[in-house]
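What follows is calculated from the coordinates using simple rules that are stated; it is not laboratory data. Please read all numbers here as calculations on a predicted model, not as lab measurements. Quick reminder, even Gly has a Cβ in these numbers, built from the backbone with ideal geometry, and neighbours come from all protein chains shown.
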Amino acid sequence: MRRHQSFETFLIGKSVLMREGIVRILRAENFRVRASVSSPDELTGTFRGPQLLFLIVHTGDDFALAVEQINILKDQYSNGRIVVVVDDYRSTEPDLAFQVGAAGYLVSAMSCDAFVKSIELVMMGEAVFPPVFQTSAPNARSERQRSAAPPDQDTIFVTSEDATAPQLSPRELAILRCLISGNSNKCIARKIDIAEATVKVHVKAILRKIRVQNRTQAAIWGMNHPLLAQPVNGPPHLPAANANESFSDPVTVISAIKRMES
C-alpha cells in the first residue's frame with residue numbers, strides 16, 4: 001500500500017536477528033525503513049516528519065530498558081508513534097508501555113499478516129494491545145494515566161492466530177461486514193431487510209462478543225480479523241455478506257464511522 005511509504009519507520013533493539021526479520025516483513029509490504037539500530041542513541045540525523053513510526057524490539061525480562069527507550073523517543077520525537085514488539089508476553093508489560101506513551105504492544109508469536117495489519121492500525125492513529133489488557137487496564141491505570149491517551153484514540157485488542165475466536169452468528173457476521181464497509185444502521189436494515197431496532201440489538205451483541213466499545217472499534221477489529229469477516233454460508237436473505245463486496249479503504253471507513261458516532 002502506498003500509505004506505508006508516508007511513514008518513516010525505525011527499528012530499535014538488541015536482537016539483530018529479530019530486527020532483520022521484521023525489516024524483511026516490512027519492506028515486503030512497501031514500508032520505508034529508515035534505520036535499524038540497537039539503541040535510540042544510534043539514530044543520527046534529524047527526523048521531524050509528521051509521520052514517524054518507531055518499533056522497539058524487546059527481548060528478555062528487563063522491560064525497564066524498553067520503558068527507558070520509549071521515554072527517550074517521546075522526548076525527542078513527540079509526534080512519533082511507538083510500538084513495542086516482544087518475544088514473549090508478560091502480564092505487567094502492556095500497561096507499563098501504555099503508561100509511558102506506546103501505541104502498541106505486539107507479541108512475535110502472531111502471524112506476519114496480523115503483525116502488518118496491527119502496524120497499519122497504529123499508523124491510522126489507533127492503539128493495539130493484547131486482549132487481556134482490556135480487562136486489567138481499567139483497574140490498573142489511574143485517572144492520570146487514562147487521560148494521557150488522546151480522547152479520539154481507540155484501543156484495539158489483537159490476538160495471535162491461535163486465539164479462540166468469538167462465536168458470531170451468520171447474521172452478526174453479515175452485520176459486522178456492513179460495519180467494516182461504513183454502513184449506518186438504517187442502511188444495514190435496508191440491506192438485510194430487518195427493522196433498524198433489530199440492527200441495534202445485533203450491533204450491541206457484536207460489541208459484547210468481540211469485547212469492544214463502539215462501532216469504530218468493531219470495524220477496526222473486523223479489518224484485523226479478515227477470516228471472521230469473510231462472507232459466510234448463511235441464509236440467502238443476508239445480502240450484506242455478498243462475496244463480490246470488497247472492503248473500503250480503512251482510513252475512509254473509520255472516518256465515516258466516527259462521524260456517525262459523533
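Extension gain Ala28-Asp62, at 0.36 nm per residue separation less the Cα-Cα distance, in nm?
9.2 nm
Taking the simple approach of a point 7 Å from Cα along Cα-to-Cβ for both Val37 and Tyr89, what is their distance in nm?
Between Val37 and Tyr89, the simple spin-label model gives 3.2 nm.
Using R₀ = 41 Å, calculate the FRET efficiency as 1/(1 + (r/R₀)^6) where r is the Cβ-Cβ separation of Ala109 and Thr198; round to 0.05.
Calculated value: 0.60.
Local charge sum around Gln167 (other residues, Cβ-Cβ under 14 Å, Lys/Arg +1, Asp/Glu -1)?
Value of the local net charge: +3.
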